[in-house]
Amino acid sequence: MFMSKKILTLAKIVVLLMFIQGIRIILKLSVFCFIEQTLHTETIVSALLMTVMTFAGIIIAKKKGFSLSVFPTNHKATYAIATAFALTLLISTPFITGDSSLYTISLMVYSSVITPVFEELIFRGYVWNKLEEEYRRGLTVYLLTTLLFAVWHLGYVDSIASRVASDRLPFIMLMKAVTGLCFGVVLGIARYKTKNCYSTILLHGVMNMFGR
């Protein structure tokens, strides 16, 4: 019974993750029934959908009284400095690269701010804490969250498919999952050490800036 409860919790998390990706894809495809799908509109629509879904998730978690472990309880000065550094890096990047087009800026905000907040609240917030309720060992929680994060990236097939040739799609999706795994390893360590996902949001954002 003890093991079955753990498996049930994990199964519920997997179903929820599939549901979230499914809703995101359906909503996005619905929008593109009415507007033209370009690289720019793809970025804008994805960013808006993630923002809405993030706020919806926060509201649901708050109503259910479930903590997402967002903010740190100590070393606040350090986090303030880290936040200032990340914001400075974000703002200065277009000037450093010499590319300040609207598309580049919107893509950077989407990949370095909106996506990290969306994904970290899900994985290093909800999933981590939910698994921790059943799997008391921190290493188990870390490994499961990391693996789920890697598989999660396969759910972005809709975005990838619109940008690459169909014959390259399987390889690109494999690389997407591998990248998710590598990111998950690093972000999971940060979550384990700091006990909050604000640190992982900052780290994820900076990693995405350099990984775009």
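Values quoted throughout were computed directly from the atomic coordinates according to the rules given, and no laboratory measurement underlies them. Remember, predicted model here, so these are calculated numbers, not experimental data. So basically every Cβ, Gly included, is an ideal-geometry build from the backbone, and we count neighbours across all protein chains shown.
Which value at 222 nm does the chain reach when only helices count, each DSSP H run of 4 or more adding -39,500 (n - 2.57), with the total divided by all residues and rounded to the nearest 500 deg cm²/dmol? Mind dumping the intermediate values first?
Details: 10 runs with 158 residues, N = 212.
Per the formula, -24500 deg cm²/dmol.
So, in the chain, how many Lys pairs have Cα atoms under 18 Å apart, if the pair is 8 or more places apart or on different chains?
Lysine pairs meeting both conditions in the chain amount to 11.
For the pair residue 161 and residue 36, how long in nm is the line joining their label points, each one 7 Å along Cα→Cβ?
2.3
Loop-only check: which chymotrypsin sites (Phe, Trp or Tyr not before Pro) in region 22-83 are DSSP coil with at most 10 other Cβ within 10 angstrom?
Working: sites: 32, 34, 55, 66, 79; in loops: 32, 34, 66.
When the chymotrypsin sites (Phe, Trp or Tyr not before Pro) of region 22-83 are filtered for loop state and at most 10 Cβ neighbours within 10 Å, 34 remain.
Over the chain, what per residue volume does the convex hull of the Cα atoms give, in whole Å³?
Details: hull volume 28.3 nm³, N = 212.
Each residue corresponds to 133 Å³ of Cα convex hull volume.
Express the Stokes-Einstein translational diffusion coefficient of region 163-211 in µm² s⁻¹, to the nearest whole number, given a Kirkwood radius over alpha-carbon pairs, 25 °C and a viscosity of 0.890 mPa s. Before the final figure, lay out each step's value.
Numbers: Rh = 12.1 Å.
Rounded, D is 203 µm²/s.
Ranking request for peptides 123-131, 37-45: highest mean number of other beta-carbon atoms within 10 Å first, then the rest in descending order.
Numbers: 123-131: 22.8, 37-45: 15.9.
Order by mean packing, descending: 123-131, 37-45.
Can you classify region 80-122 as rounded, prolate or oblate using the Cα gyration tensor, where a ≥ b ≥ c are the square roots of its eigenvalues, rounded means a/c under 1.5, and otherwise it's prolate if a/b beats b/c and oblate if not? Intermediate values should be presented prior to the final figure.
Values: a/c = 4.00, a/b = 1.29, b/c = 3.09.
It is oblate, given that a/c is not under 1.5 and a/b is not larger than b/c.
Take the eigenvalues of the Cα gyration tensor for region 98-192, scale each by 5, and report the square roots as semi-axes in whole Å, largest first.
Details: eigenvalues 155, 61, 21 Å².
Working from the Cα gyration tensor, I get semi-axes of 28, 18, 10 Å.
Determine by what factor the alpha-carbon radius of gyration of region 16-117 differs from 2.2 N^0.38 Å, reporting the quotient. Please list the in-between numbers first.
Details: Rg = 16.7 Å, N = 102, 2.2 N^0.38 = 12.8 Å.
Dividing the Cα radius of gyration by 2.2 N^0.38 Å gives 1.31.
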